[in-house]
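Undergrad: Following this message is one structure expressed as structure tokens.
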4 protein chains.
Amino acid sequence: MSSDWYDFLKKDYVRGFPSYCGITVDFVDDGVFHTRLNVQDRHRQQDGFVHAGVMSTMADHTAGYAAYSIVSNQYRILTIEFKINFFKPATGDVLLCRSTVINRGAQIITAESELFSRDGDFEKRVAKATVTLMAVAAKSLIKNV
Amino acid sequence: MSSDWYDFLKKDYVRGFPSYCGITVDFVDDGVFHTRLNVQDRHRQQDGFVHAGVMSTMADHTAGYAAYSIVSNQYRILTIEFKINFFKPATGDVLLCRSTVINRGAQIITAESELFSRDGDFEKRVAKATVTLMAVAAKSLIKNV
Amino acid sequence: MSSDWYDFLKKDYVRGFPSYCGITVDFVDDGVFHTRLNVQDRHRQQDGFVHAGVMSTMADHTAGYAAYSIVSNQYRILTIEFKINFFKPATGDVLLCRSTVINRGAQIITAESELFSRDGDFEKRVAKATVTLMAVAAKSLIKNV
Amino acid sequence: MSSDWYDFLKKDYVRGFPSYCGITVDFVDDGVFHTRLNVQDRHRQQDGFVHAGVMSTMADHTAGYAAYSIVSNQYRILTIEFKINFFKPATGDVLLCRSTVINRGAQIITAESELFSRDGDFEKRVAKATVTLMAVAAKSLIKNV
């Protein structure tokens, strides 16, 4: 794909709720999308760890753009469903999400998102998600799938 | 359970990320928790629908408190994993989440969260999640499970 | 739908692997499918409980036919993915599966399967699955989705 | 771990339902388990592909033994839940399952299972599962978790 398309995706990613959360884009390539969050108090839950909802938002949205990177702007990407496992509390200052497309069907695209909590030089994997997405022609988006 | 415990849960729910998102509590009973969000632009994604991350945050957090309602304050509730299916775009002004504990094991609690988008008098179910939780003694929380 | 279609589904269900497992059909209606298994030693795992694979097979196949019941014979139903939670060991002599379609999209159908272990007059819910299915035109089935 | 333990696991794997299905063990190492199935007509579904239930059985059971390989015989491994995505029809003569532990908690172990369909020299990945398991002291197994 062209670098114009990747530049568009980087800008398009940071809108609405992900922008409100403060997520930014690190890297994009064919079927790959990496994002980052500088953890603030507002991202935490009652025990001081990053909230599962923050990690889920990053996992879903980043996987969606990994899928978006392999189609054209004639399509929109919808999340059909996702599943996320939480391994360890995210206690670091930075949260990283690395998403990769693992299967490309004619309509159904499957991606995985791995979440890492970084504390100084130390990085641990805190969660992993499998995300099932659907590429839908942009003009048909109003209809339910 | 006592109404003191339910009053505590209502206050405890609205902290950190869920508070930043604007989620409020409607109702709590034994194994049941209902929450609500008045949808603002910051909750939407690029196509104008409520972002999947918002729904995931409500589904996870509300299920967690449904589980919390059946244990005592000697415990904390951790999300082991969850899975969420998205059925229809959430286009209404209000998002409702109704969570129910569906199985109570000695340590593992399973809850379901249903998400409804309300537009005036009309309500449609937009997503459903299954959430696997673990009750952990509060004093052992530092250790990974 | 006509009773001819339901009769066809009852016969069609019992082929290949589900037949080898010994699963039989109890009931079919619009978006609803119920099946049964008389538990034998070959269905158990190393601790004497019904194997998770048996329950998964029933959950998937029965959900698939619940979805099949709402489309016509111009379509085939493919499982995109499923998720199953196991609540209690299945120790009874009979395993029952009750599947229901919970959302009907244009292409994506979501169904739930509940598994019950029956021991005499006593019945307990032992597992629950969420199954994401896709209706595909029968003549296009060779292509990957 | 000792090779005695691995030899025990290889024998222990092939009992009950997995044995009835015809699954055999290829390889075992610390947190790793590989199995194989020579596909027969009884493993197929109505369209001639390997049934999702067969793949689910392999994915669950093989992940369970990958988890079992990292604990001692004082423990039993229970599947709390799993999720499996199906990518392509399994059309080959041999089905392979490769499971790996991806997170080791104090009680909760997470493993992934990848399923490959082999046709002559050609191998394609047809499904992938995430399996959440729990290590339970063998003597406490009667109680529900």
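Undergrad: Of the residues that sit in region D:25-46 and are acidic (Asp, Glu) and free of Cβ contacts under 8 Å to residues at least 60 places away in the same chain, which one is nearest to the other protein chains (Cβ to nearest Cβ)?
TA: Among those that are acidic (Asp, Glu) and free of Cβ contacts under 8 Å to residues at least 60 places away in the same chain, it is D:ASP41.
Undergrad: Now for a different question. Among the residues of region A:81-102, write down those that are polar (S, T, N, Q) and in contact with a Gly (Cβ under 8 Å, 6 or more places away or on another chain).
TA: Selection gives A:THR91, A:THR100.
Undergrad: Pick from region B:4-24 the residues that are of a type in the set (Ser, Thr, Tyr) and touching a residue at least 40 places away in the same chain (Cβ under 8 Å): which of them is farthest from A:VAL14 (Cα to Cα)?
TA: Within region B:4-24, the match that is farthest from A:VAL14 (Cα to Cα) is B:TYR6.
Undergrad: Next question. Return the only residue of A:ARG125, A:ARG118 being out of contact with any helix residue (DSSP H, G or I) (no Cβ under 9 Å at 6 or more places or on another chain), within 9 Å of another protein chain (Cβ to nearest Cβ) and under 22 Å from D:ASN103 (Cα atoms).
TA: Testing whether each residue is out of contact with any helix residue (DSSP H, G or I) (no Cβ under 9 Å at 6 or more places or on another chain), within 9 Å of another protein chain (Cβ to nearest Cβ) and under 22 Å from D:ASN103 (Cα atoms) leaves just A:ARG125.
Undergrad: Another question about this same structure. Tell me which residues, restricted to region B:113-127, are buried (at least 22 other Cβ atoms within 10 Å of the Cβ), within 13 Å of the chain's Cα centre (by Cα) and of a type outside the set (S, T, N, Q).
TA: Result: B:LEU115, B:ALA127.
Undergrad: Now a separate question. I need the full set of residues from region C:12-24 which are out of contact with any Leu (no Cβ under 6 Å at 6 or more places or on another chain), β-branched (Val, Ile, Thr) and within 14 Å of chain D (Cβ to nearest Cβ), in order please.
TA: C:VAL14
Undergrad: Where residues in region B:1-50 are more than 21 Å from B:GLU114 (Cβ to Cβ) and among the basic types (Lys, Arg), which of them is surrounded by the fewest Cβ atoms within 10 Å (Cβ to Cβ)?
TA: Looking at residues that are more than 21 Å from B:GLU114 (Cβ to Cβ) and among the basic types (Lys, Arg), I get B:LYS11.
Undergrad: I'd like the full set of residues that are within 12 Å of chain A (Cβ to nearest Cβ) and farther than 13 Å from A:HIS51 by Cα, limited to region B:58-72.
TA: Within region B:58-72, B:ALA63, B:TYR65, B:TYR68 qualify.
Undergrad: I've got another one for you. Please find, among C:TYR6, C:TYR20, the residue that is of a type in the set (Ser, Thr, Tyr), assigned to a helix (DSSP H, G or I) and touching a helix residue (DSSP H, G or I) at 6+ places or on another chain (Cβ under 7 Å).
TA: Exactly one of C:TYR6, C:TYR20 is of a type in the set (Ser, Thr, Tyr), assigned to a helix (DSSP H, G or I) and touching a helix residue (DSSP H, G or I) at 6+ places or on another chain (Cβ under 7 Å), namely C:TYR20.
Undergrad: Same structure again: Identify, from the list B:PHE87, B:PHE49, the residue that is within 9 Å of chain A (Cβ to nearest Cβ) and in contact (Cβ under 8 Å) with a residue 40 or more places away in the chain.
TA: Sole residue among the options that is within 9 Å of chain A (Cβ to nearest Cβ) and in contact (Cβ under 8 Å) with a residue 40 or more places away in the chain: B:PHE87.
Undergrad: A further question on this structure: May I ask you to say which residue of B:THR100, B:THR79 is more than 10 Å from every other protein chain (Cβ to nearest Cβ) and assigned to a strand (DSSP E or B)?
TA: Result: B:THR100 is the single residue among B:THR100, B:THR79 that is more than 10 Å from every other protein chain (Cβ to nearest Cβ) and assigned to a strand (DSSP E or B).
Read-outs throughout are calculated quantities, based only on the coordinates presented, and are distinct from any laboratory measurement. Bear in mind the structure is a predicted one, so any value in this text is a computation, not a measurement. As a convention, Cβ positions derive from the backbone with ideal geometry for all residues, glycine included, and neighbour counts pool all protein chains shown.
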